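Quick notes on the structure that follows.
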Amino acid sequence: MAAPDELFCWEGDWGLPSVSTDCLVVLAYAQFAGAPLKLRKISNPWRSPSGSLPALRTNQKETLSRPSDIIIHLRKQKFNADYDLSAKEGADSLAFISLMEEKLMPALIYTFWIEPKNYVDVTRRWYAEHMPFPLNFFLPGRMQRQQLEKLRLLRGDERLEAGEELEKELYRDAVECMNLLSQRLGSHKFFFGDSPSSLDAYVFGHLAPILKCKLPNGKLQQHLKSLDNLTNFCTNILQLYFPKDGRESFSQKTSSQSEGGDFDHVPNKRRKQFLSALVALGAMLSYALLTGMVSIQHAHHEALEEPPDLQDIGSHHDHEDEGDG
């Protein structure tokens, strides 16, 4: 039997299996379709085969990164959550997915990555606390710039900048999109009958972070919580398909530090971070000496002792959770 495909995703928090919308879409679809994936939850995108998350490494050593490409691959492997959809339902599914990409995704990017208080207090802090040193110092900022470029691309404006007018426009579009999704779902458990489809995966991936994350500026969350059927929709999917993440939401940080063979224990992590800081300080002092920014006066008959060599410090391994998708 061939080895299962490997799915690399951002690790979870807030009672979610992942903090990333794209990762949630793929995780949900894989669960709906029963795809036997080897799951690797990490907090360092550089350990992904594509350098980004999510990423699927197939048993043929092919790497896929876009959620749509991953879903198409799973369908080719006979894991098709849309198998029972009619032609009209399939067309409706594509239409709503496009609507979310156009109307909801820009507001999500703005909410988590552009809105100043949300970004500083929640998004940047989360990634800085979960990424290994020294990536946590510069990767969150790089990711924010990438998200701003994505927002500009989605809006078709290369000079787009954050501001009150943009925020109002994005949130207005997002509210309209959520209202349409709520109307389409109605009183049903899923969007097309009793079984979840790819549309359910996309809706869950986009709405669950809004619902579960505690944001200082929670305008979208307030509106989502006013739509009871969409709120129940997200909650039901979490309970049915990701019960472990819900149960561990309150103890996740402590449990995550002790799991996984690839992970260092907390004392080792702190020791390595301390030693890495010493190496960085030594490098800065050496630079200052070489450039003449700092001079040292030699006393008579005294010699400077060379500091002992510091051993190379291995980079801190990320938290990794393996499990069948």
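A few remarks follow.
- Applying the set (1) open to solvent by 60 Å² or more (accessible area, probe 1.4 Å); (2) in a helix (DSSP H, G or I); (3) under 25 Å from CYS234 (Cβ atoms) to ALA30 leaves exactly one unmet item: (1).
- Counting the residues of region 1-39 that are free of Cβ contacts under 8 Å to residues at least 40 places away in the same chain and touching a helix residue (DSSP H, G or I) at 6+ places or on another chain (Cβ under 6 Å) gives 1.
- Some residue of region 72-80 being open to solvent by 40 Å² or more (accessible area, probe 1.4 Å) and closer than 24 Å to VAL175 by Cα: no
- Hey, ASN217 among the polar types (S, T, N, Q), within 27 Å of LEU74 (Cβ to Cβ), touching a residue at least 24 places away in the same chain (Cβ under 8 Å) and open to solvent by 10 Å² or more (accessible area, probe 1.4 Å) or not: no
- The residue that is surrounded by the most Cβ atoms within 10 Å (Cβ to Cβ), counting only those in region 136-159 that are of a type in the set (A, V, I, L, M) and in contact (Cβ under 8 Å) with a residue 12 or more places away in the chain, is LEU151.
- Candidate set from region 35-56 (those that are touching a Phe, Trp or Tyr at 6+ places or on another chain (Cβ under 7 Å) and within 12 Å of PRO4 (Cβ to Cβ)); member that is least open to solvent (accessible area, probe 1.4 Å): ALA35
- The requirement of being at pLDDT 90 or above, more than 20 Å from the chain's Cα centre (by Cα) and open to solvent by 60 Å² or more (accessible area, probe 1.4 Å) is satisfied by LYS225.
- Residue in region 1-27 that is farthest from the chain's Cα centre (by Cα), counting only those that are more than 20 Å from THR111 (Cβ to Cβ) and aliphatic (A, V, I, L, M): MET1
- Count of residues meeting criterion [out of contact with any His (no Cβ under 9 Å at 6 or more places or on another chain), open to solvent by 30 Å² or more (accessible area, probe 1.4 Å), part of a helix (DSSP H, G or I) and not basic (Lys, Arg)] in region 163-202: 7
- Matching helices (runs of 4 or more DSSP H) fully within region 91-161 where at least 2 residues are over 15 Å from CYS177 (Cβ atoms): 124-130, 135-155
- Verdict on GLU115 being within 19 Å of the chain's Cα centre (by Cα) and either open to solvent by less than 20 Å² (accessible area, probe 1.4 Å) or charged (D, E, K, R) (or both): yes
- For region 40-90, the set of residues classified as farther than 14 Å from VAL26 by Cα, free of Cβ contacts under 8 Å to residues at least 24 places away in the same chain and assigned to a helix (DSSP H, G or I) consists of LYS76, ALA87, LYS88, GLY90, listed by residue number.
- Note on region 57-71: among residues that are surrounded by 21 or more Cβ atoms within 10 Å (Cβ to Cβ) and over 14 Å from the mean Cα position of the chain (by Cα), the one that is farthest from PHE192 (Cα to Cα) is LEU64.
The values are calculated or read from the model by the stated rules, or taken from the named source; none is laboratory data. Fair warning: this is a prediction, and the values are worked out from it, not measured in the lab. Ideal geometry is used to build each Cβ from the backbone, glycine not excepted, and the neighbour counts take in all protein chains shown. Each accessible area value is taken on the protein alone, full model and side chains, heavy atoms only, with ligands, DNA and RNA left out. Shrake-Rupley method; radii C 1.70, N 1.55, O 1.52, S 1.80 Å.
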